[in-house]
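The values are calculated or read from the model by the stated rules, or taken from the named source; none is laboratory data. The model shown is predicted, which means the values in this text are computed figures rather than measured ones. Positions of Cβ are backbone-derived with ideal geometry, glycine not excepted, and every protein chain shown enters the neighbour counts. Surface accessibility is based on the protein's heavy atoms, side chains included, excluding ligands, DNA and RNA. Shrake-Rupley method; radii C 1.70, N 1.55, O 1.52, S 1.80 Å.
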Amino acid sequence: MAALTLRGVRELLKRVDFATVPRRHRHKKKWAATEPKFPAVRLALQYFDMTYSVQFGDLWPSIRVSLLSEQKYGALVNNFAAWDHVNAKLEQLSAKDFVNKAISHWELQSEGGESAAPSPASWACSPNLRCFTFARGDVSRFPPANLAANDLSTSRVARLQKILHSYVPQEIRDKNRVRVTSWDGRKWGELEGDTYDRVLVDVPCTTDRHSLHEEENNIFKRSRKKERQILPVLQMQLLAAGLLATKPGGHVVYSTCSLSHLQNEYVVQGAIELLANQYSIQVQVEDLTHFRRLFMDTFCFFSSCQVGELVIPNLMANFGPMYFCKMRRLT
C-alpha cells in the first residue's frame, strides 16, 4: 500500500509544471521589513501636522506649504576669491547684500533717533561679510557655480577637511591654525574645558525640510524612531559640553534646522539649568531682538520664541527653518 502511494506521488510530481507557480506563492516576502507601507517623508509630514499645528496654530498652514515648496537661499561671498567681481555679478542679477543693507538702514535710524541702538559690541559685523539674496517675493535662483571637488572618503570629517582645503588659504593651513578632530561632542567639555572664546553648537536635529523631501538619511524612518526620540537629550548634552568648553565671558551659539520647541528653547533652558545645578556655572541668554529687526525684511521670524530666534518658512521668504540662540557664559 505504501509502495502504491509513493508511486502515485511521483506521478503527480511529474505532471506539475513548477515554472508556472508564481514566486510569491513559493516565498513569503517580508513586506514590513523590505517595503515600508509609508515612506519616511510621509511619516514626517504626519508628525509635523500633529505637533506643529498645535505649536504654531493659524500659522501652520502657511509654514506647511512653504516647507513643501522650494527653499530660498543666500549667497555668502568667498573673500579669498575675486570678491569684487562676484559682487558685481550678483548685483547684475538684482540680488542685494542684505547684511550691509540692514546695517546701513539701522545706523540711519539710530542717527535720526527713530530707535534705540544696541551697544556696538552686540551687533557689529565684520566689514568683510557679504551675503546676497533676492528680495521678498522674488523666486529667482542663483546660477550654478563652477566647483571642482574631490572626495576620497565618505566620512564627514574627511569631507570637511576637503572643504577647508578648498577655501582656506594655504598659509593659514600651514600654520596649523585649522584643526579637525572626530571626538564625541558630548565629551568636549571634559577634553577642552574653559578653552574657547566662541563656540558654535550646531546639533543633529529632525532637519524638518530635509525630512519632507528626502528618503535618504531620513530620521523619520521607522528604524530610527528611538534615535529621533532621544534627540533632545543628545542636543542638551552637546550644548552643555559646548558651554563647558567656553571660557568664562565667552559666547556660545546653539542652532538647529527644526521648528520644534522641544529641540530649540527647551534644550537651551535645560542645558542652562543643568550647568547651574551640577557645575554652579551661570549662563545668560542674550537678547537678539535687534538681529530680528535688522533682517525682518529678509526673513520671516516667529514672534513667540521664549529664548532665541526662529526663522519660519514663508512662501514670500522661503528660508529655514532656522533656530539660533546666543548665550554668554558668566562664570
Practice task
List every residue pair whose Cβ atoms lie under 7 Å apart, where the two residues are 6 or more positions apart in sequence or sit on different chains, the first residue falls within region 284-306 and is in the same structural domain as Gly57 (by the TED database) and more than 18 Å from Asn318 (Cβ to Cβ), and the second residue, located anywhere, is modelled with pLDDT of 95 or more and part of a loop (DSSP other than H, G, I, E, B).
Solution key: Gln284/Leu330; Val285/Val307; Leu288/Gly308
Problem - In region 194-227, residue modelled with the lowest pLDDT [restricted to those that are hydrophobic (A, V, I, L, M, F, W, C) and closer than 24 Å to Lys72 by Cα] - result: Leu200
Handout entry: Search result, residues across region 59-90 that are within 24 Å of Pro313 (Cα to Cα), without any contact (Cβ under 8 Å) to a residue 24 or more places away in the chain and open to solvent by 60 Å² or more (accessible area, probe 1.4 Å)
Key = Pro61, Arg64
Practice task
Sort out for me the strands (runs of 3 or more DSSP E) sitting completely within region 240-331 that have 2 or more residues that are more than 19 Å from Gly189 (Cβ to Cβ).
Solution key: 309-311, 322-329
Practice task
Could you tell me which numbered condition Cys325 fails, if it satisfies all but one of (1) hydrophobic (A, V, I, L, M, F, W, C); (2) surrounded by fewer than 21 Cβ atoms within 10 Å (Cβ to Cβ); (3) under 27 Å from Leu45 (Cα atoms)?
Solution key: (2)
Practice task
Name every residue in region 221-267 that is of a type in the set (Lys, Arg) and on the phi > 0 side of the Ramachandran plot, in order of residue number.
Solution key: none
Handout entry: When residues of region 91-104 are limited to those that are over 17 Å from Ser140 (Cα atoms) and surrounded by 14 or more Cβ atoms within 10 Å (Cβ to Cβ), the one nearest to the chain's Cα centre (by Cα)
Key = Val99
